[in-house]
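All remarks here apply to the structure that follows.
No value in this document is a laboratory result; all are computed from the given coordinates. Predicted model only: the values in this text are computed from it and were never measured. Methodologically, a virtual Cβ is constructed for each residue, glycine included, from the backbone with ideal geometry; neighbour enumeration extends over all protein chains shown.
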């Protein structure tokens, strides 16, 4: 692997994902300095105190100046605005990436704003949790995680490889998927489960709430995720989420029909299939 | 608390729940002897080897003889047949309970078979996991768990109290709910989540499977549960499960409608509510 080192990594947004990125980068010694950019000084100060960044600024332009790697780690909806402010200060050769959960929208927002001489490659680390904020950040959030890298027809191989090497240096595995495929598959594996968990929690009656046990809690844990982030995800991947929801509703209707008919054999077959599929995941 | 001790506790079915019951009872010193009853000698032998029972038999009548506590821990669908075989051998004063997940069906199957001088009180420990079998049994499965005790108009207070004391001696909390209320609420907290998890797994496309991460795995973990047990549960609580499913589908339809309309405020409101409800569980 070629020597991977950055003079300055600037992280826009130092919550769970951005803060953990700073901690991991600094632990791995990947950069001479790590700069945090945000709109709330208390968060930036907390990120500095816990060792996620070396210094911070509230100004996107100031934060972008001197960076050879810029990582966007705010909610996806802010990427355009931030990059517009940062672009004039970016040096040629800067690699721009992000940690956003939907990729077509990111590409649309970011690609037109990338200055000549800079490159953008979208990344999506399948990491994180229902926790949020710099207080939940830790330096091994990305260790062992799968990071999806999203090439476009304009991507050059050297930039893609450098982006992969960056994540691999933090202990992540990487896989390339174009943005449309990413959004279609993640709608099934991540966005639909969130919608389902939220619906399950909301369908619980108040008198049933004291009786929930581990099964219900695990099944709905992700519904505690940051609503602002999930609102962004739902809106920027609406078509694919709706398609995944259609698939789910069709399966559910089949199960309901077997149950309504008290069709013991059909119920057993569905339960057997589901167990087999679930047991087969991540073997 | 009055002195709680049994001469002989007979456990019908020594899988995860029955085996863990034996281990907990023996650790707590609640009985002079613990007898296991089952239809597979290898399982009974494993239960004896791990210390869950003192001795075993394949005969329900032989296992019932001498018991002052009989615990039914097989799939619910076998309770009637087993108790019919055991009843002639039961001594007056024997307390019969169970660990079944639905309670109206248990009451219907068991109540007519309880011999004069014996008493039945249904129990449902909210414990267990997607694991199964004696290999997964452990002596603190019931510690801290909520056990629902299901009185009927025929229950006498002394028998209810003795059943509660039994579970409390194993570290469980207890709560009384009639069988119909139990089935209605558990349909929401346990049976519907299982159905939903199974449907979510089954709606995943093969190409998306390699991309699942912790969120999907947690949300669908319970779909790995024993299909035979869940088939029983679904069939014996079919009406309440269908009612819970109707509620869920209504909430899901509301979310789909907000999403279809790209109604950002409505989506945010639903996500906020779900987070608040989820955060409030088991506080």
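Structure summary
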read-out	value
Rg to Rh quotient for chain B, alpha carbon positions, Kirkwood Rh	1.03
Over the protein assembly as shown: helical MRE at 222 nm, DSSP H runs n ≥ 4 each giving -39500 (n - 2.57), nearest 500	-14000 deg cm²/dmol
Rounded to 5, the percent of DSSP beta bridges in the protein assembly as shown classed as antiparallel	15 percent
Shielding score for B:125-131, defined as the mean number of other chain Cβ atoms within 10 Å	3
Alpha-carbon centroid distance for the pair segment A:54-114 / segment B:226-270, whole angstrom	39 Å
Peptide B:264-274, shielding by other chains (average Cβ, 10 Å cutoff)	6
For B:182-188, mean number of other protein chain Cβ atoms within 10 Å	4
Teacher prompt: residue B:260 distances to equivalent labels in other copies, 7 Å Cα→Cβ, nm	1.9
Degrees between helix B:227-236 axis and first principal axis of chain B (Cα, 0 to 90, nearest 10)	90 degrees
For residue A:91, inter-copy label distances in nm, listed shortest first [label point 7 Å out on the Cα-Cβ vector]	8.8
Cα pair count fraction exceeding 19 Å, expressed as % - segment B:32-152	49 percent
Between helix A:16-28 and chain A: long-axis angle, C-alpha atoms, 0 to 90°, nearest 10	50 degrees
Chain A: angle of helix A:157-169 to the longest principal axis, Cα-based, in degrees nearest 10	70 degrees
Kirkwood hydrodynamic radius of the protein assembly as shown, from inverse mean 1/r over distinct Cα pairs, in Å	26.0 Å
From the C-alpha gyration tensor of segment A:181-280, square roots of 5λ in Å	25, 20, 13
Shape of segment B:31-87, Cα gyration tensor, a/c cut at 1.5	oblate
Ratio of Rg to Rh over segment B:154-230 (Cα coordinates, Kirkwood Rh, two decimals)	1.18
